[in-house]
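Enquirer: For reference, the structure I am asking about is given below.
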Amino acid sequence: MEIEEILEKWSGGVYSVSIGACAEDGGSRKNTVRIGGQKSLPLLFKEGDIPNRPVIAFEIWDIPPQDWPEGLVSSYGKAPEDPLIWAQMCVKDFGARLLCLRLQGAHPDCGDKSPEECARFVSSLLEKVSVPLIIIGSGDDAKDNLVMPACSEAAKSERCLLGCATQENYKTLAASALADGHSIIAESPIDINIAKQLNILISDMGFALDRIVINPTIGALGYGLEYAYSIMERGRIAALSGDKTLSSPFICFTGQESWKAKEAKGGDKQGVIWEIITASSLIQAGADILVMRHPEAAKRVFGHISVLFGGNNSDH
């Protein structure tokens, strides 16, 4: 007797977001990265189209990392001492197609770089590497409100992804990204209702919903991963059910959260495994961008993505 295959039919989908602009789009990037576009839950290819694979973005800082474990920093040799060389290494040696720049040097406790200094660094980085950029502030709201508009203007026409906008501090970043043609990261504290409300607030400023990427503020393995997974799953089901305010792709700062765990700091090998397992779990939850730190972890997760997706699509 033949068993009928039960497939879910969804009325909605996830918006597709493009990062980076090539010459024909008015930018200078050699490639673009497209995320989102799903019409199905993660990896259920028979239920709906999944046009784009999850993408790995290598995280770099504008200063040498101050709170990374020594084994993590040394995986790049001496490159982190010069962030521009570090960025080039990620692209040339590790095959990065997307970089996530964290402007940590702008933080008042980490150098207090001026907006002009940060903007010059962004311009230099765009000259040194040809891949698309995610640009993240230092985490100090007052300083980021000065720095991010300058960096947004420095990267104008390059269609970057800027972050992170929060419910308490979104207007300045949203206005800059809107004026300069970038997309935006909306950050919510593992709360689906806040994620929805923030998307509404940003869209009320004239920002198209298909230019917003949600940062659900994930936890790493052993530190809230299950809760983050369930929030992402609820958001994705809402999107597929037709809720356009939750139909944004997800970005997960996997490396940042993984290397906070005391277990990850227990040894270089263990830290790499911690980041790999966290990233692999989030792929199942629907992550579209995984911001990773250790090159070996990124390599292993890229291989895992290739196995999972096989010949279902060609992008990564």
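The values are calculated or read from the model by the stated rules, or taken from the named source; none is laboratory data. Just so you know, these numbers come straight off a predicted model, no measurement behind them. Positions of Cβ are backbone-derived with ideal geometry, glycine not excepted, and every protein chain shown enters the neighbour counts.
Enquirer: Which of (1) out of contact with any helix residue (DSSP H, G or I) (no Cβ under 8 Å at 6 or more places or on another chain); (2) on the phi < 0 side of the Ramachandran plot; (3) at pLDDT 95 or above is the odd one out, the single condition Glu2 does not satisfy?
Expert: Status for Glu2: all satisfied but (3).
Enquirer: Hey, another quick one. Within the group Glu59, Glu47, which residue is surrounded by 15 or more Cβ atoms within 10 Å (Cβ to Cβ), of a type in the set (D, E, K, R) and assigned to a strand (DSSP E or B)?
Expert: Going through Glu59, Glu47 in turn, just one is surrounded by 15 or more Cβ atoms within 10 Å (Cβ to Cβ), of a type in the set (D, E, K, R) and assigned to a strand (DSSP E or B): Glu59.
Enquirer: Right, something else. Give the number of residues within segment 98-136 that are in contact with a His (Cβ under 9 Å, 6 or more places away or on another chain) and closer than 25 Å to Arg34 by Cβ.
Expert: 1
Enquirer: Here is a further query. Filter segment 112-143 for residues that are in contact (Cβ under 8 Å) with a residue 40 or more places away in the chain and out of contact with any Leu (no Cβ under 9 Å at 6 or more places or on another chain) and give the result.
Expert: Answer for segment 112-143, where residues must be in contact (Cβ under 8 Å) with a residue 40 or more places away in the chain and out of contact with any Leu (no Cβ under 9 Å at 6 or more places or on another chain): just Ser130.
Enquirer: Checking the structure you have, find out if any residue of segment 181-188 is in a loop (DSSP other than H, G, I, E, B), closer than 23 Å to Ser28 by Cβ, touching a strand residue (DSSP E or B) at 6+ places or on another chain (Cβ under 9 Å) and touching a residue at least 60 places away in the same chain (Cβ under 8 Å).
Expert: Looking through segment 181-188, none of the residues is in a loop (DSSP other than H, G, I, E, B), closer than 23 Å to Ser28 by Cβ, touching a strand residue (DSSP E or B) at 6+ places or on another chain (Cβ under 9 Å) and touching a residue at least 60 places away in the same chain (Cβ under 8 Å).
Enquirer: Of the residues that sit in segment 221-231 and are small (Gly, Ala, Ser) and over 17 Å from the mean Cα position of the chain (by Cα), which one is surrounded by the fewest Cβ atoms within 10 Å (Cβ to Cβ)?
Expert: Filtering first and then ranking leaves Ser230.
Enquirer: Out of (1) touching a Gly at 6+ places or on another chain (Cβ under 8 Å); (2) aliphatic (A, V, I, L, M); (3) within 19 Å of Phe121 (Cβ to Cβ), what's the single condition that is false for Ala57?
Expert: Ala57 satisfies all of (1) touching a Gly at 6+ places or on another chain (Cβ under 8 Å); (2) aliphatic (A, V, I, L, M); (3) within 19 Å of Phe121 (Cβ to Cβ) except (1).
Enquirer: Name the helices (runs of 4 or more DSSP H) wholly within segment 232-316 that hold at least 1 residues that are more than 19 Å from the chain's Cα centre (by Cα) and touching a residue at least 40 places away in the same chain (Cβ under 8 Å)?
Expert: 268-285, 295-309
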